[in-house]
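These notes concern the structure reproduced below.
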Amino acid sequence: MSKPVKTFMIRDYVESLDGHDNALLISVRGIDAITTNNLRQSLADKDIKITVIRNALARQIVKDSGLAALEPLLKGPSALAYGAESVIDVARELMKWSKEIEKLEMKGAVLDGQLFEGHAGVAALSKFPTREESLANLVGAALGPARKLASCAMAPAGNIAGVLKTMQDTLEKGEAITKVA
């Protein structure tokens, strides 16, 4: 490959990976074309891209990026999977597909510079909560005590309201209110 072509390809890969510091590295070796196209189309519907990349070019691209942890895994045919809201979403989708496609190899993933190696690493990553799930859990944890405090503060007023309602119903029936000891 000529140097201008290689430079053009590297620039193209860098542009397409711009803003993606987290990704998965997979191998689609041995998977037939129809299955690969179905996989790509399904992932594209969820805004996940798969880019088959030459290892020599990939090493040059990832060495100065957040994907540098993937460099030791760049052996044999490799494809980068990235996109969606986070790499956790990508890992979840690819784990679903790995149950259907036995030959889909999970080489590893990188999240915030941390390497999750092999199928087990990607499986562990897929169980992490996404940013939105973490924020929802945080808000729920923060609001839980406040909700209980508000409930405790409102309980005496609710009790008084209940007693007053009972007294009103008794008086409307024309009955006398008796003193309770």
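Readers should treat all values here as calculations from the given coordinates under stated rules, not as data from a laboratory. Values in this document were obtained by computation on a predicted structure and should not be read as measured data. Cβ placement follows ideal geometry from the backbone for every residue including glycine, while neighbour counts extend to all protein chains displayed.
Rounded to whole Å, the principal axis extents of the Cα atoms in the chain read 102, 34, 26, largest first.
In which sequence would 62, 28, 163 go, from the one with the fewest C-beta neighbours within 10 Å to the one with the most?
Values: 62 23, 28 20, 163 10.
In order of increasing Cβ crowding within 10 Å: 163, 28, 62.
The separation of segment 9-27 from segment 113-132, counted between C-alpha centres, amounts to 18 Å. With a Förster radius of 30 Å applied to the beta-carbon distance between residue 41 and residue 14, the computed FRET efficiency rounds to 0.75. Among 148, 46, the ranking by other beta carbons within 10 Å of each residue's beta carbon, starting with the fewest, stands as 148, 46. Think of the chain as having a plus end and a minus end, set by charges on the Cβ of Lys, Arg, Asp and Glu; of 94, 135, 79, 79 sits farthest toward the positive end of this dipole.
Full extension of the chain between residue 169 and residue 52 yields a length gain of 34.4 nm, computed as 0.36 nm times the residue separation minus the alpha carbon distance. As a length-normalised measure over Cα pairs under 8 Å and 6 or more apart, the relative contact order of the chain settles at 23 percent.
The mean sequence distance of close C-alpha pairs (under 8 Å, at least 6 residues apart), as a share of the length of segment 56-114, puts its relative contact order at 41 percent. The loop-placed GluC sites (Glu not before Pro) in segment 89-164, going by DSSP, that have at most 16 neighbouring Cβ atoms within 10 Å of their Cβ come out as 102.
Applying 1/(1 + (r/R0)^6) with R0 = 41 Å to the Cβ-Cβ distance of residue 154 and residue 85, what FRET efficiency is obtained, to the nearest 0.05?
On the way: r = 38 Å, r/R0 = 0.93.
Here the calculated transfer efficiency is 0.60.
Rounded to the nearest 20, the size of the Cβ-charge dipole of the chain about its Cα centre is 340 debye, with Lys and Arg at +1 and Asp and Glu at -1. Charge tally around residue 88: other residues with Cβ under 15 Å, Lys/Arg +1 each, Asp/Glu -1 each, net -3.
Compared with the dominant Cα axis of the chain, that is its longest principal axis, helix 3-17 is turned about 10°.
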